[in-house]
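Input: a single structure, listed below in structure tokens.
A short reminder: the numbers here are calculations on the coordinates, not readings from a lab. Treat the numbers as computed from the prediction; the structure is a model and nothing was measured. Don't worry about glycine lacking a Cβ; one is built from the backbone with ideal geometry, like all the others, and counts go over all protein chains shown.
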Amino acid sequence: MTCLFLMINMILERLKKIFAETMPNVDSANITEETQLQQDLGINSLSMLLLALAIEKEFNFRFETVQPFKTVGEVVEYIKNKTE
């Protein structure tokens, strides 16, 4: 369980870095797994595309389908499953 927690935390921290680089107007320090992508971060379709490209590069995988992510936690879970 502790290993899973560490993995999720590591993914979240790497995602915060991506958010900081691709969306400088967002305070990435306050991002949690419960953070809503559209409501809290104001992510639109263009910024989601830029984030997806940065995530693919950072984690070395390709999104296979368009995922309707609503929260940062959903993104973390998807990355965890793709990189296991």
* Measuring from label point to label point, each 7 Å out along Cα→Cβ, what is the ASN81 to GLN67 span in nm? -> 0.7 nm
* **Given 14 as the ceiling on other Cβ atoms within 10 Å, longest exposed-site-free region of the chain for trypsin sites (Lys or Arg not before Pro) in DSSP loops** => 1-61
* Structure fact -> If every Lys and Arg gets +1 and every Asp and Glu gets -1 at its Cβ, then about the Cα centre the range 2-83 yields a dipole, in debye to the nearest 20, of 220 debye
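For the range 1-60, which GluC sites (Glu not before Pro) pass both filters: DSSP loop (anything but H, G, I, E, B) and at most 15 other C-beta atoms within 10 Å?
Sites meeting the loop and neighbour criteria: GLU34.
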* Structure fact -> The relative contact order of the range 2-83, taking Cα pairs under 8 Å that sit 6 or more residues apart, comes to a percentage of 39 percent
* For the chain, return all DSSP H helices satisfying: extent of Cα atoms along own axis at least 20 Å; mean Kyte-Doolittle hydropathy at least 0.5. => 2-22, 45-59
* To do: Tell me, rounded to the nearest percent, the portion of alpha carbon pairs in the chain spaced more than 14 Å apart.
  => 61 percent
